[in-house]
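Taking it in order: structure first as structure tokens, then the write-up.
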Amino acid sequence: MSKNLYVAATEAKAGKSLVVLGLMELLSRHIKKIGFFRPVISAAQKEDDHIRLIAKRYNLPFQHEAMYGMTNLEAINLMQAGDMDAVFTAIINKYKQLEKECDFILCEGTDFQGVLTTFEFDFNVKFANNLGAPVIAVINGFDKTPNQIADNMQIVRGILSDEKCAQIGTIINRATEKDIDAIHEVLKKFGKPEEINFLIPEKTILQKLTIRQIANALKARYIYGDDDSLNLDVLDFKVAAMSLESVLKHTTKGTLMITPGDRTDVLTGLLMTMMTDNFPKISGVLLTGGIQPSDQFTKMLDGVVKLPLSVLGVDTDTYETAMQVSNIRPGLNPENTRRISTALGHFEANVDVDVLGKILMITRSKVVTPVMFEFELFERARANRKHIVLPEADDERILRATEILLRRNVVDVTLLGNEQAIFKKAAALQLQLNGVNIIDPYDNDLVHEYTAEYYKLRKHKGITKEQAFEVMHDVSYFGTMMVHKGHADGMVSGAAHTTQHTIRPAFEFIKTKPGVSIVSSSFLMCLEDRVLVYGDCAVNPNPNSEQLADIAISSAETAINFGIEPRIAMLSYSTGESGKGEDVEKVRKATLIARERRPDLKIEGPIQYDAAIEPSVALQKMPGSEVAGKATVFIFPDLNTGNNTYKAVQRAANAVAIGPVLQGLNKPVNDLSRGCLVKDIVNTVVITAIQAQGTKK
């Protein structure tokens with residue numbers, strides 16, 4: 001396995017950061033101690049944007065200064081002294097310091113913005129060779145003919161050959177859509193069997209700025225807006241220095257309007273367009289000249305219902321500001337999950353990461369970090385795509401999560417609600433829901449079929465046909481019936497509804513699996529170096545021995561479904577035969593029942609938590625056990641203990657708690673917390689899709 005990899009662009013604006021992000025996503029799935037390094041960065045920035053993106057997204061434990069060799073200014077000073085060797089030596093020394101802390105380092109080459117521009121690719125190749133790093137060359141395919149791309153490939157291969165530098169392959173990025181087939185032929189003609197060559201088409205939205213990028217580049221003041229509005233795409237920018245009526249004629253979707261700060265009439269009119277359906281939604285307003293709205297105007301703004309746009313202020317005049325905006329280069333930043341989702345989805349759709357992993361000879365680490373586990377979930381969900389229904393389409397978090405899921409190409413999504421209202425809300429939030437399916441529970445072709453099915457299943461409980469018809473207008477019942485009938489593979493709800501409202505329909509007609517007496521839950525607890533299963537921490541207050549045995553078996557199945565070898569610890573305040581009392585006996589009996597039902601599973605109990613997880617304690621309290629000291633599935637005796645423990649571990653150990661995952665049902669239905677974040681919804685949907693894969697299997 002190679003210990004490093006160098007990504008070098010052949011010219012500016014090749015989209016190298018997209019390739020680096022996609023590679024880092026692949027590497028982080030398999031390698032725990034991964035590093036990131038850039039040889040030369042701009043001296044003008046306090047923090048390099050690319051380093052900040054990678055370090056923050058992948059939780060790299062290194063200081064910013066440790067992840068680059070030197071600044072442009074430092075390189076200039078050494079080169080003016082005629083000491084090019086000193087440049088290489090200084091950079092390599094810093095790299096070697098980082099190397100001591102890492103199993104693998106991804107290196108990203110320079111940006112064609114500084115002193116090295118005239119011979120930049122040569123510099124990157126020489127530096128990669130000094131590190132013994134194989135190179136992936138990124139060729140800018142934007143606005144190039146297939147013949148020009150072929151020429152570039154041959155020039156790159158010649159430079160690499162002259163330097164005797166190993167080339168893993170070439171990525172043609174930002175290729176023109178109409179030339180895709182012809183460029184593929186070029187890759188076949190000039191590619192080598194031992195190399196990988198990929199083609200990534202141009203994705204226009206990735207070349208657009210966001211409000212946050214503009215605000216950061218101009219060091220703008222924030223006057224109005226929230227964090228979500230800073231991530232809006234700027235599709236265009238216009239100077240609004242004319243009359244309000246003329247300005248309104250020129251508003252287009254996603255436009256940043258640049259206007260003098262004293263034009264409160266223009267600002268008021270633009271804000272009003274955000275409250276009506278008659279105008280396209282702009283992305284923001286940039287006030288120039290150092291003039292800020294009055295306190296009274298700002299007070300009025302603060303009282304306005306939350307609008308999905310930002311109002312920023314700068315000191316420069318309108319013309320200079322417009323010129324500055326036009327010179328900002330687009331990029332990726334860690335706060336913009338929408339843009340990152342789009343970038344990763346585009347990379348993964350065009351680059352076969354399995355092939356790339358084999359070329360790099362990546363071997364899977366025995367250590368599993370939260371980042372590795374979450375990415376493994378996405379990979380599994382994408383490999384066997386499922387259809388998930390989300391009943392709460394009127395919740396903003398659900399719409400934001402849907403956009404991310406669609407951008408990452410992970411699942412197919414059906415939203416329940418009025419189509420016009422959903423798209424109106426999505427437009428107001430400036431979300432793109434291309435490819436989503438929408439069903440209105442009050443206006444669809446399925447309601448009579450679902451009503452008949454529900455009546456058939458529940459008439460023994462006294463349900464009438466009229467009542468069944470009314471029930472099927474409830475989004476939880478409608479969504480669950482979609483799963484029951486096979487029109488969806490799973491359902492996720494609970495962001496706006498109670499747990500009871502979410503899971504009651506599943507109890508009524510999806511029912512439990514054969515041999516399972518109780519629906520329970522588990523959390524996937526992602527610790528620093530492993531993933532554990534905790535059950536039951538969310539559903540059953542005080543299970544008896546039979547139920548506790550069921551929970552243990554269901555939790556083991558959950559572990560298996562998510563690639564975790566189940567070693568089950570039946571927890572109590574006593575270990576082995578030493579303890580007495582009703583609570584210990586309940587666990588002891590549950591252990592015997594579980595062993596009898598599933599003799600193939602490794603089960604130990606009663607056992608204390610420390611003896612279950614810590615090998616040194618296990619050696620003293622339960623030597624020779626297959627579970628003690630290495631348990632992966634922890635079964636708590638009651639809800640009080642389980643719920644408090646998972647929250648304590650989540651906070652104290654900085655663990656990622658994914659769940660609750662409902663288990664024991666014939667088909668997957670999962671409940672969200674009403675305080676859930678968008679990321680929680682995305683993870684739960686992905687987990688539900690993987691459960692559905694297991695169900696189908």
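The values are calculated or read from the model by the stated rules, or taken from the named source; none is laboratory data. Not measured: the values here are computed from a predicted model. When we count neighbours, we look across all protein chains shown, and the Cβ atoms used for this are built from the backbone with ideal geometry, even at glycine. In case anyone asks, the SASA skips ligands and DNA or RNA and just uses the protein heavy atoms, side chains included. Shrake-Rupley method; radii C 1.70, N 1.55, O 1.52, S 1.80 Å.
Residues whose amide H comes within less than 5 Å of that of Ala175, counting only those at least five positions distant or on another chain, are Gly141, Ile200, Glu202 (H built at 1.01 Å from N in the peptide plane). One quarter of the surface of the convex hull around the alpha-carbon atoms of the chain equals 36.4 nm², the direction-averaged projected area. Rounded to the nearest 10 square angstrom, His501 shows an accessible area of 50 square angstrom against a 1.4 Å probe. Here the alpha carbons of the range 457-498 define both size measures, Rg and Dmax, at 11.6, 32 Å.
Amide hydrogen proximity for His30: with H placed 1.01 Å from N in the peptide plane, no residue at 5 or more positions away or on another chain lies under 5 Å.
With all distinct Cα pairs included, what does the Kirkwood hydrodynamic radius of the range 1-158 come out to in Å, to one decimal, could you say? Result for the range 1-158 stands at 16.1 Å. When both bridge partners sit in the chain, DSSP labels roughly 20% of those beta bridges antiparallel.
The Cα atoms of the range 257-330 cover 33, 27, 18 Å along the three principal axes, with the biggest extent listed first. Each Lys and Arg contributes +1 and each Asp and Glu -1, all at the Cβ; summed about the Cα centre of the range 388-439, the dipole is approximately 200 debye. Net charge around Asp277, counting only other residues with Cβ within less than 14 Å of its Cβ (Lys, Arg = +1; Asp, Glu = -1)? Local net charge: +4. The stretch between Ile560 and Asn147, if pulled fully straight at 0.36 nm per residue, gains 143.6 nm over its current Cα-Cα span. Taking the range 567-691, how much of its Cα-Cα pair set, in percent, is spaced more than 17 angstrom apart? Summing the P(r) of the range 567-691 above 17 Å gives 65 percent of all pairs.
The residues of the chain expose, per residue, 43 Å² of accessible area to a 1.4 Å probe. Taking the DSSP bridge list for the range 371-505 and keeping only pairs wholly inside it, about 10 percent are antiparallel. Counting protein heavy atoms only, the chain has 51 percent of its accessible area on carbon and sulfur, 1.4 angstrom probe. When the Cα positions of Leu619, Leu286, Leu431 are compared along the charge dipole of the chain, Leu619 comes out farthest toward the positive end, with charges on each C-beta of Lys, Arg, Asp and Glu. Over the range 265-379, the ratio between the Cα radius of gyration and 2.2 N^0.38 Å evaluates to 1.66. Straight-line reach from Lys33: taking Cα to Cα under 25 Å and skipping same-chain neighbours fewer than 8 places apart, the lysines in range are Lys3, Lys16, Lys56, Lys94, Lys96, Lys100, Lys358, Lys366, Lys630, Lys679. Principal axis extents of the Cα atoms in the range 1-82, from largest to smallest and rounded to whole angstrom, are 43, 28, 25. Convex hull of alpha carbon positions in the range 521-604: directionally averaged projected area 5.8 nm².
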